[in-house]
Structure formats: C-alpha cells, structure tokens
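Novice: My questions will all concern the structure given below.
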Amino acid sequence: MRSLFVAIGMMAVLQGCAVREPMSADQQAPTLTPRTSTYQDLLALPRPKGQLVAAVYGFRDQTGQYKPTPASSFSTAVTQGAASMLVDAMQASGWFVVLEREGLQNVLTERKIIRASQSKPDVAPNIQSELPSLLAANIIMEGAIVAYETNVRSGGAGARYLGIGLSQEYRVDQVTVNLRAIDVRSGRVLSNVMTTKTIFSVGRSANVYKFIEFKELLEAEAGYTTNEPAQLCVLSAIEAAVAHLVAQGVDRRLWQTAEGHTGEHPALAKYLGKPEQI
C-alpha cells in the first residue's frame, strides 16, 4: 500500500512535468520578435552629433556548420539572414542612416521603370518629379558569423530510488560574430569588434519503473527539453557588436555624441570595459 502511495505521488510529479500538446496556428497569434537586454542597450545609447551614412552589403555565415543528424544535411546551424538582423540593430541604435545594398539591383530596376514611365502621358503624381541621386555611404559595415561551437559545456544530474527517478541535463553551445566599420574613402578599418553569445539547452525528465503488486508493473515517464533559439542568440550578439562599435568610435573620437559624451555615459561605459561574455 505504501508503494502505491509513492507511485501515485510520482505520477503527480510526472503530471506536472507533462509536455503540453502543441497548439495550432490559430491558438497563438503572431507577436513581435522577443528582444534581449542588448536591444535595450542600443536604445539607451546617447544620440549622435550626426548620423553615420552606412551601407550593409551582407553578413555571411562563415562557420561552415550544419545541423546534426537527423536534421537535413543542407540545413545550416545558424541563420542566413544575419544581414537583416544587422540592419535592424543599426537602425535601433539611432546612430546610422542605413542604405540598401543587398537588394540594390531591385532598387536600380525600379528606378529604370520610373524613368521609362515619366515619358508617358497621364503619369502618376508620385513619379512625375525627377529622381534624385542615390545616397553614397561614408562607411561600409562588414562582418560575418565566424564561429559556432557545439557542446562547449555539457552535464547533468539525476537520482533514482526504488525505481523512481528524476534527471536533468544541459548543453551549452556558442556563437561568435565579427563586425567592422570601414572608411569608404581610404578603405581603413575604423573599428573592429568580436562578440560571443552562449546558447543553452536544458532537458528534464522523470520516470517510474516499479512493481506495485505481484505481476503488476507501473511504468511511466515524462519530460521536456528547452532550447534557446539560435537566431535570437545571433541577433543578441550582433546587437552587442553594434553597441561595442559605437562605443569604441566615441572613445577613439571617430564620431561624437550630441552632448559631447565620452566614456562616462553609462550606456557607453558598459561596452568600454573589459571584454566579457554577453
């Protein structure tokens, strides 16, 4: 009888650990991408004396890493949309006027279509005026995802007593990005930063394997795994890289804040300290 009570108690624990059924698309509305503390750091940066006109041509994946089996061998371990993340981080900082370069050919094609339409009668009012020249960038933002390391750390703990067990395991991966600002006129690298972000995965499970009565075996198990989204970690590392780059430029007097701040501003001081893991 005592064993039965223990088994019932364990089943209650398993019920608490039970994995929820997946919801359909109609049950959860789309939301904005969740942002981390690095995004708030970008918003807290002091305003620039003048925004920097910058171009982003791409932000490549140089890791060469693919997802482990049984995932597809053509599925990469990190996002291929890091250039879009960089543009978003630069605009969020308020320090840059970002020019479209990744889809520049599409912009040029549309400008040709507008010029061809201007010679026709009944031209739409929005395309009647002469097209201005495209803006030229003073700075090119270059960079890449340079490393993705799996199983940097792993481990776990567990216990079992009389066929009743609980366990927890974890794994830590790591992604590293590089970002640099290049002077268009001279080709000189003005500032160069590298940031690293860890990616945590945690799995918890509970199980029962016990004879309640003669020839009556109770066997049950439940568990779940939580994986930190890799693309959000890449986004956080890119946001930290932009904040570091702005802070380095202010410290080296490459650009200035509107109030003349140097390293004493709290948001800048945070990124001018010793290199540390974000």
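Novice: Of the beta bridges DSSP finds with both residues in the chain, what % are antiparallel, to the nearest 5?
Specialist: Here the antiparallel bridges make up roughly 85 percent for the chain.
Novice: Counting other beta carbons within 10 Å of each residue's own, what order do Y39, Y161, Y224, Y271 fall into, fewest first?
Specialist: Fewest to most other Cβ atoms nearby, the residues stand as Y161, Y224, Y39, Y271.
Novice: Then there is this: Could you tell me the relative contact order of segment 82-225? Use alpha-carbon pairs under 8 Å, at least six residues apart, and round to a whole percent.
Specialist: Taking the mean separation of contacting Cα pairs over the length of segment 82-225, I get 16 percent.
Novice: Let me ask something else about it. Among S205, S167, S154, which comes first, second and so on when ranked by fewest other beta-carbon atoms within 10 Å?
Specialist: S154, S167, S205
Novice: Let me ask something else about it. What number, in percent, do you get for the relative contact order of the chain if the mean sequence gap of Cα pairs under 8 Å and at least 6 apart is divided by its residue count?
Specialist: 23
Novice: Another question about this same structure. Loop-only GluC sites (Glu not before Pro) in segment 32-135, please: DSSP not H, G, I, E or B, and at most 11 other Cβ atoms within 10 Å.
Specialist: The qualifying sites are E130.
Novice: Report, ordered by chain and residue number, the lysines lying within cross-link reach of K197, taken as a straight Cα distance under 24 Å and ignoring same-chain residues fewer than 8 apart.
Specialist: Once the sequence-local lysines are set aside, what remains near K197 is K67, K270, K274.
Novice: Would you mind giving the average projected area, over all directions, of the Cα convex hull of segment 65-152 in nm² with one decimal?
Specialist: 10.0
Novice: Please compute the net charge surrounding D183, taking Lys and Arg as +1 and Asp and Glu as -1 over other residues with Cβ under 15 Å from its Cβ.
Specialist: +4
Novice: How would I127, I182 line up from fewest to most surrounding beta-carbon atoms within 10 angstrom?
Specialist: Ranked by crowding around the Cβ, least crowded first: I127, I182.
Novice: Rounding to the nearest 20 debye, state how big the charge dipole of segment 148-229 is about its Cα centre with +1 on each Lys and Arg Cβ and -1 on each Asp and Glu Cβ.
Specialist: On the way: 10 positive and 9 negative charges, 103 e Å.
Approximately 500 debye in magnitude.
Novice: Right, here's the next one. Please give the calculated 222 nm ellipticity per residue for the chain, where each DSSP H segment of at least 4 residues contributes -39500 (n - 2.57) and the sum is spread over every residue; nearest 500 deg cm²/dmol?
Specialist: Value at 222 nm, helices only, nearest 500: -9000 deg cm²/dmol.
Novice: Right, here's the next one. Taking the chain as a Gaussian network, where each spring joins two C-alpha atoms under 10 Å apart, which residue of A222, A92, A116 fluctuates the most?
Specialist: Looking only at A222, A92, A116, the largest GNM fluctuation is found for A116.
Novice: How large is the Kirkwood hydrodynamic radius of the chain, counting all unique pairs of alpha carbons, in Å?
Specialist: Computed over Cα pairs of the chain, the Kirkwood hydrodynamic radius comes out at 23.2 Å.
Novice: Go ahead and set up a Gaussian network model of the chain, Cα springs under 10 Å, then flag whichever of A147, A206, A237 fluctuates most.
Specialist: Checking each option, the largest mean-square fluctuation is seen for A206.
Novice: So if we plug the beta-carbon distance of L135 and S201 into 1/(1 + (r/R0)^6) with R0 = 35 Å, what FRET efficiency do we get, rounded to 0.05?
Specialist: For R0 = 35 Å, the calculated efficiency reads 0.20.
Taken together, the values in this text are just the output of simple stated rules run on the coordinates, not laboratory data. This is a predicted model, so every value here is computed, not measured. Every residue, glycine as well, gets a Cβ built from its backbone with ideal geometry; the counts of neighbours run over all protein chains shown.
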